[in-house]
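Below is one structure; the comments refer to it alone.
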Amino acid sequence: MFIKTISYKDFDGNERSEDFYFNLTQSEILKLETSLNGGLTSYMSLMVQKQSQPDIMNLFEKIIDAAYGIKSLDGRTFTKTPEALAEFKATAAYDKFFMEICMDEAKASEFLLKIMPDDVNDKIKKAAESGVYDDATLNDAQRKAISAAMAEVAGSAVAADDAIKEAN
């Protein structure tokens with residue numbers, strides 16, 4: 001789970017600082033992976049290669065929408081409803097967060113890594129730290145490891161093969 005503290009000015013001009021929660025389960029990753037022809041990971045790689053800002057922004061909006069929720073005080077539930085998402089998107093905090101994710105590659109990478117389930121995140125970290133991606137920056141390694149891990153979770157052999165080919 002990714003807990004993002006966002007400091008912002010509300011619509012009355014008051015300074016606020018709130019925690020917002022983001023998380024994806026394996027089933028949600030599967031849904032995202034299969035929501036686009038060729039898979040989410042292939043689509044993400046293609047949009048980054050094309051440097052298509054509108055498509056990248058739409059993709060991040062889709063991921064944020066899927067990941068945002070409200071954690072219960074006892075930590076037992078993480079509720080994701082259209083109403084909760086709409087309320088978050090109506091705040092200045094959302095605008096600040098969205099712009100940060102879309103304009104800063106390091107923040108986007110951090111977000112993608114931290115919203116993954118722990119077991120997927122462990123695989124991503126292990127792959128990125130192992131140096132299996134020759135001549136790659138850490139961000140490149142993380143991006144490729146995310147693609148491989150998401151493909152594995154989704155059970156998509158084609159996407160996994162593509163991620164491995166891209167890594168080599």
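Using the structure shown, list the pairs from 89/114; 31/96; 4/71; 62/89 with a Cα-Cα distance above 23 Å, or answer none. Could you put the intermediate results ahead of the total?
On the way: 89/114 20 Å; 31/96 27 Å; 4/71 13 Å; 62/89 12 Å.
Over 23 Å Cα-Cα: 31/96.
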TODO: Between residue 50 and residue 87, with labels modelled 7 Å along Cα→Cβ, what's the label distance in nm to one decimal, could you check?
DONE: 3.7 nm
TODO: Can you tell me how much longer the chain between residue 36 and residue 106 gets when fully stretched, taken as 0.36 nm per residue apart minus their C-alpha distance, in nm with one decimal?
DONE: 22.7 nm
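The numbers here are math on the coordinates, done by the rules we state, and not lab data. Note that the structure is predicted; figures quoted are calculated from it, not measured. Note that each Cβ is placed from the backbone with ideal geometry, even for glycine, and that neighbours are counted across all protein chains shown.
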